[in-house]
1. Quick check on my filter: what residues within the range A:87-119 are crowded, with 23+ Cβ neighbours inside 10 Å and more than 7 Å from every other protein chain (Cβ to nearest Cβ)?
2. Out of B:Ala207, B:Ala244, which single residue is without any contact (Cβ under 8 Å) to a residue 24 or more places away in the chain, hydrophobic (A, V, I, L, M, F, W, C), more than 14 Å from chain A (Cβ to nearest Cβ) and outside any strand (DSSP E or B)?
3. Just for helices (runs of 4 or more DSSP H) wholly inside the range B:303-418: which have at least 3 residues that are under 30 Å from A:Gln166 (Cα atoms)?
4. Give the residue, chosen from B:Ala257, B:Ala311, B:Ala305, B:Ala297, that is farther than 16 Å from A:Pro99 by Cα and within 14 Å of chain A (Cβ to nearest Cβ).
5. Has the range B:344-358 got any residue that is surrounded by fewer than 21 Cβ atoms within 10 Å (Cβ to Cβ), among the aliphatic types (A, V, I, L, M) and over 29 Å from B:Pro201 (Cα atoms)?
6. Take the range A:126-147 and flag every residue that is assigned to a helix (DSSP H, G or I), surrounded by 14 or more Cβ atoms within 10 Å (Cβ to Cβ) and away from every other protein chain (no Cβ under 14 Å).
7. Only one residue in A:Asn75, A:Asn80 is in contact with an Asp or Glu (Cβ under 8 Å, 6 or more places away or on another chain) and within 28 Å of A:Glu9 (Cα to Cα), so which one is that?
Amino acid sequence: MNQLSPVLETHNLNIYYGDFRAVTDVNIQIPRHKITAIIGPSGCGKSTLLRAFNRMNELVPNTHIEGEIIFEGHNLYGRNIDPVEVRYRIGMVFQKPNPFPKSIYENVAWAARIHGYRGNLDELVESSLTKAALWDEVKDILKQSALSLSGGQQQRLCIARAIAVQPEVILMDEPASALDPIATLKIEELMQSLKKDYTIVIVTHNMQQAARASDYTAMMMLAENTRSGTVIEFEETNTLFTRPKDKRTEDYVTGRFG
Amino acid sequence: MIVKRARETNDFSENLSLRQRSGKYWHLMFLAATIIGILALSALIINIVNSVFGYVIMDSKINPSTLAVNGIELEDQSTDQWIQLLQEKLSSGALKKLEDEKPLSERSRKDLFSLIETRVLKYKVLETWSLYDSLFRKSEIVNEYLRVKKEYPGAQLQFRSWIRGDLIMRSQSSEASTAGIRTAVLGSLWTILFTILFAFPLGVGAAIYLEEYAKDNWLNRLIQTNINNLAGVPSIIYGILGLAIFVRALEPLTSGALFGFVDPTTANGRTILSAGLTLGLLVLPLVIINAQEAIRAVPQSLRKASYGLGATKWQTIWAHVLPNALPGILTGTILAISRAIGETAPLVVVGASTAITFDPTSPFSKFTTLPIQIYQWTSRPQSEWRHLAAATIIFLLVLLLCLNAAAIILRNRFEKKY
């Protein structure tokens with residue numbers, strides 16, 4: 001695959017909760033090995049769009065989509081695609097750190113094991129934790145419960161856990177919103193080091209974070225009449241923050257709105 | 001005066017003293033409710049303990065010391081000597097009946113000794129008193145004893161604790177002083193074993209289905225509502241159901257005939273298996289509801305984390321949902337089982353035996369259980385059986401207390417902080 005070709009493409013994507021259309025007509029291309037931020041006011045469908053990328057939406061009853069999401073040439077919602085396979089290749093990190101109530105080692109090793117990982121688990125755990133910038137802090141306490149870690153460490157453990165299954169894309173749903181500024185900074189640095197191997201899509205409320213950490217930014221907004229969210233502008237982050245085309249984007253990023 | 005001034009200057013404290021006072025009334029009411037509850041419980045315990053200890057007048061037809069042979073006391077003699085004694089003292093008809101039930105030579109020493117006690121020595125409780133009477137009406141008791149002594153020269157007055165070490169070692173007997181609850185304890189344990197084997201896998205399975213797999217449609221909501229209602233159905237109804245299904249319809253299965261098992265004493269389905277399955281049906285809704293609650297208490301974030309890593313539904317349930325729900329499931333099951341142990345009514349309907357002296361040996365044996373035994377003994381006219389029932393109640397209460405303690409320990413030990 002070409003380094004410049006997009007990893008994920010959406011074509012006229014609409015996402016429904018029951019009869020309610022939460023997200024309307026999204027056409028974006030997520031570039032490979034870049035960090036793409038999705039920003040916008042609360043309730044505009046950012047997380048819904050993000051969860052559509054690895055079919056986590058389907059855990060909520062009565063959701064369905066129209067349009068398509070193309071991942072490496074496959075329609076993710078195609079008839080013969082199993083969501084389990086999708087989530088295996090497109091990993092996810094959640095808003096609140098949610099490590100399993102098991103040991104730190106088990107947290108990282110479990111998913112690899114269920115996917116039939118054949119290599120050396122110890123090495124995988126070490127490399128995943130190293131990539132997640134957590135190894136030095138936990139290498140002596142691998143057998144301890146993951147719940148004994150601090151919030152920031154737990155979130156990095158969740159990232160290590162996602163890396164351990166070797167996905168191609170990592171989706172992050174406001175990964176730093178429950179953390180203090182120092183832990184947030186660590187997560188942002190971590191994202192920078194991860195992007196050479198993975199494509200990262202991050203939803204954030206924090207515009208400084210999007211400006212600091214992302215390469216591309218998608219601005220979402222609710223349509224006035226339908227109360228349904230859509231992407232109103234998708235640009236390189238620098239351009240979007242300095243020379244927004246859309247008036248609403250300008251108002252939002254300059255703090256006059258939202 | 002302070003209050004009045006505050007009212008003049010501060011609007012917000014108006015009526016404050018009134019509100020505080022009404023709060024105090026409620027406080028007292030709640031305290032009273034608690035005290036009444038505790039009093040009722042203590043009355044129950046005191047009432048039972050009152051019956052467990054007390055004076056009895058005992059009579060025996062033959063003084064055991066006269067049966068010593070060559071200086072060896074009756075209790076220390078060999079089994080053969082005991083059998084010989086029985087053969088000497090019993091009529092041939094009674095002997096034949098005993099041999100038909102189980103040959104004397106195959107019986108245990110305990111069994112033989114209790115036969116000697118009831119058939120040869122013929123211990124008999126003539127009169128009993130409660131603990132209260134024994135403590136505060138000693139003179140009346142002594143007078144009564146002297147009166148009885150004229151009629152029964154061998155009578156003895158003794159202070160008796162009806163709960164005794166060998167209570168659970170002895171089998172049922174026609175004489176209160178030698179009767180025990182071994183048969184009932186074994187019957188209860190056998191029955192509960194089948195209740196657990198039936199209700200636990202079925203209940204947990206149903207709970208997993210309802211919580212993790214079932215879609216939220218009208219059919220599943222109907223099923224859920226019905227399970228909740230079934231938990232409140234009177235237990236006697238389950239007894240009737242058990243009688244119809246397990247005793248009658250499934251008789252070949254529950255009597256063991258299907259497996260070529262023929263017990264001459266039970267030619268029907270009134271067996272331990274029927275009782276266990278009936279109690280299993282009874283507690284099944286409780287097990288399901290408790291397991292559902294435990295499964296529901298596993299945070300959604302854990303399921304999401306697991307799905308997000310590409311785990312299948314079953315991998316998620318097996319690796320994360322069940323291990324985290326297990327303490328709750330076990331606690332709920334133990335509480336449901338302790339209810340089953342105390343159940344009487346359904347077993348009466350299913351056909352618990354009124355008086356059996358033989359221990360259950362298989363799922364197809366006749367049975368009696370602790371609550372059934374208590375129920376029978378308390379309904380007898382002679383007062384000594386009520387004392388024995390009280391002792392059995394103490395045993396049952398201790399058993400239930402142990403189970404509940406186990407449930408609490410499990411809950412505290414495995415309590416997870418997510």
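1. A:Ile90, A:Val93, A:Pro97, A:Pro99, A:Ile104, A:Asn107, A:Val108
2. B:Ala244
3. Per the criteria, B:313-316, B:322-341.
4. Exactly one residue qualifies, and that residue is B:Ala297.
5. Scanning the range B:344-358, I find at least one residue that is surrounded by fewer than 21 Cβ atoms within 10 Å (Cβ to Cβ), among the aliphatic types (A, V, I, L, M) and over 29 Å from B:Pro201 (Cα atoms), so the answer is yes.
6. Correct list: A:Glu126, A:Ser127, A:Leu129, A:Thr130, A:Lys131, A:Trp135, A:Glu137, A:Val138.
7. Going through A:Asn75, A:Asn80 in turn, the sole match is A:Asn75.
Residue by residue, here is whether (1) at pLDDT below 90; (2) in contact with a Gly (Cβ under 8 Å, 6 or more places away or on another chain) holds:
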| residue | (1), (2) |
| --- | --- |
| B:Ala33 | no, no |
| B:Ile46 | no, no |
| B:Val49 | no, no |
| B:Val52 | no, no |
| B:Lys61 | yes, yes |
| B:Leu67 | yes, no |
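The values are calculated or read from the model by the stated rules, or taken from the named source; none is laboratory data. Since this is a predicted model, take the numbers as computed values, not measurements. Counting neighbours? That spans all protein chains shown, and the Cβs are built from the backbone with ideal geometry, glycine included.
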